[in-house]
Each structure stands twice: as structure tokens, then as C-alpha cells.
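*Asks:* Below: one structure in C-alpha cells.
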Amino acid sequence: MELLPNITINHYLLVSVALFSLGILGILLRRNAIIMFMCIELMLNAVNLMLVAFSKMWGQTDAQVFVFFIMVVAAAEVAVGLAILMMLYRNMNTTSTDVLDKLKW
Amino acid sequence: MLTEYAFWFLSFVAFFSAAFMIITKNPVYSVLSLILTFFSIAGHYFLLNAQFLAAVHIIVYAGAIMVLFLYVIMMLNLNTLEEEKKSTWMKALSVVAGGILLFVLLGIVRRTDELTVIAAANGADCGLVENLGKALYRDFLIPFELASVLFLGAMVGAVYLSKKELV
């Protein structure tokens, strides 16, 4: 079926998968904790886009409510996470995960 | 078709600004390009007729979350951070791992072509505020209230963590 003229669900899956992989790539490549945090947000948004596309495909509101709750949890997560990062910076004077490796095995 | 061009335009903007977010060394540029990505995703929501989610997405992500990121980066003065030292060997390995994940996910997406034959459902306007509000306040009332409790907890936690006297 076509969600838009000439655009099927597969196009949206493609975009979503590309954005998700970019988020994973950013987490693997970068060492700045704030950038890694932003990559997590990017991955959440990729999944949100996929959920909205499926919601349009089935004509159901449930997936969009789910996306709404994902946004709520993401906002709470960012508030707490950035507070943790600020505390880390105040105590360790860095946000690089090369230095913050005390919990590493 | 206009919507088709809009779809491809928004997709390319989202992809390349997300790629720029990863590549650039300056965290402020990263935040700004991620805001561009979020705006193009909001455009996707508009195209999919999910108007409530598009508005909430712009308000929450571009308006609150990314401003918080920008604020923290500027307050900690992170844009003058030292160069991240990482060997090219590790970088190549990361790109290979990410590429393998992309390959696997693309393989999965390619196998979903039977999804395309599902008949069009009738809910073209399921993303409007009226229908979504009914679902949110009728079927999902308890999760909605629990979300407010979660916000309260997050707020208390953020304030507690930001206190100066903490270790």
C-alpha cells in the first residue's frame, strides 16, 4: 500500500534504518559523552518515525500514543542524564569516556 | 508529486544532518545539526498526517531537549574540548561494525515486501488531535498519569544531582 503517493512503508523503513545505523555509528565513533547521548536521541527518533509510519499504515492510534510516551521518557532521561554529566564534569573535569572508565572491567 | 519530493527532501536533510552531527568536532555544530534532523523528522510526521506528534516533537525535542543540550555544552565550555584521541584502527573497526548492522537491518527491511500488499486501512486521520486525545485520555489514562509521576521523579533527581554539595 502507499502511505503517500509513490511512497510505501518500505521507504519509511529505509529512512528509519539509516538514521538508526547512524546513531549506532556515532556511539561507536565518538568519545564525548554528550555526543553519545545525542546519538541515543537520534536512535529513539528513528524508531519513532518507524512507529508513526506503521500507525499510518494500519490506521491505528495506538502506535502514536506509544510514540508520545517514548518522547515523555526521553525528556525525563535527558534531564537526569545531563545532570549526571554535569556532575561528572564538575568532579572529573571531563566528559570523555576514555577517562571515565572506572566501571570498566 | 509534491509530497513525494517532500519525502525525499526531508529524508536527505535528516540523513546528512545526522551524518554531520557525527562527523563534526565542535559539539555546538553537532547540536545544531541534530536540531535540523529533528525538524525534518517533524516534517515527516506532518506528511504522515500525524499533526499532534509533529507539534509535540518540535516543542519537546527542538524546544526543550536540544536547548538543554546546548545550554550544558555552553555552560561547561565543551566546544574548546581537547581533540578526541582514538586510533584509526578503532575508527575503522567502528565503521565496519556500524556497516554490518546497517547491512543486517537493510536485509530485514528488504524481506518485508509482503507488508506492502496489506490493504489500506481507513484511519487516515488517526493522527489528529481529537482522535489522539480520545485515545490518550480514555484508553491510556493510567500510563498518562504514571508519566507525570515519572516526570516528577526525574525533576527531583535532576535537582538533587545538580547540587553543589554532592560528592
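The values are calculated or read from the model by the stated rules, or taken from the named source; none is laboratory data. Everything numeric in this text was worked out from a predicted model, so none of it was measured. Cβ: placed from backbone, ideal geometry, glycine included. Neighbour counts: every protein chain shown.
*Asks:* Kindly indicate whether A:PHE54 is part of a helix (DSSP H, G or I), more than 8 Å from chain B (Cβ to nearest Cβ) and either more than 15 Å from the chain's Cα centre (by Cα) or crowded, with 19+ Cβ neighbours inside 10 Å (or both).
*Replies:* Details: part of a helix (DSSP H, G or I): yes; more than 8 Å from chain B (Cβ to nearest Cβ): yes; either more than 15 Å from the chain's Cα centre (by Cα) or crowded, with 19+ Cβ neighbours inside 10 Å (or both): yes.
Here the answer is yes, as A:PHE54 does meet what is asked.
*Asks:* Tell me, which helices (runs of 4 or more DSSP H) wholly within the range B:1-108 include 2 or more residues that are closer than 27 Å to A:ARG90 by Cα?
*Replies:* Working: elements: B:2-23, B:27-47, B:51-57, B:66-76.
Because the criterion is at least 2 residues that are closer than 27 Å to A:ARG90 by Cα, the helices (runs of 4 or more DSSP H) in the range B:1-108 that meet it are B:2-23, B:27-47, B:66-76.
*Asks:* Say whether the condition of being at pLDDT 85 or above, within 16 Å of the chain's Cα centre (by Cα) and among the aliphatic types (A, V, I, L, M) is met by at least one residue in the range A:86-102.
*Replies:* No, the range A:86-102 contains no residue that is at pLDDT 85 or above, within 16 Å of the chain's Cα centre (by Cα) and among the aliphatic types (A, V, I, L, M).
*Asks:* With the checklist (1) out of contact with any strand residue (DSSP E or B) (no Cβ under 9 Å at 6 or more places or on another chain); (2) closer than 28 Å to B:ALA135 by Cα in hand, flag the one item A:GLY26 doesn't pass.
*Replies:* Going through (1) out of contact with any strand residue (DSSP E or B) (no Cβ under 9 Å at 6 or more places or on another chain); (2) closer than 28 Å to B:ALA135 by Cα one by one, A:GLY26 breaks only (2).
*Asks:* Another question, if that's okay. Got at least one residue in the range A:76-93 being assigned to a loop (DSSP other than H, G, I, E, B) and closer than 24 Å to B:LYS86 by Cα? Full working, then the answer.
*Replies:* Step one: filter the range A:76-93 for residues assigned to a loop (DSSP other than H, G, I, E, B), giving A:93.
Retained after the next criterion (residues that are closer than 24 Å to B:LYS86 by Cα): A:93.
The answer is yes, given that some residue of the range A:76-93 is assigned to a loop (DSSP other than H, G, I, E, B) and closer than 24 Å to B:LYS86 by Cα.
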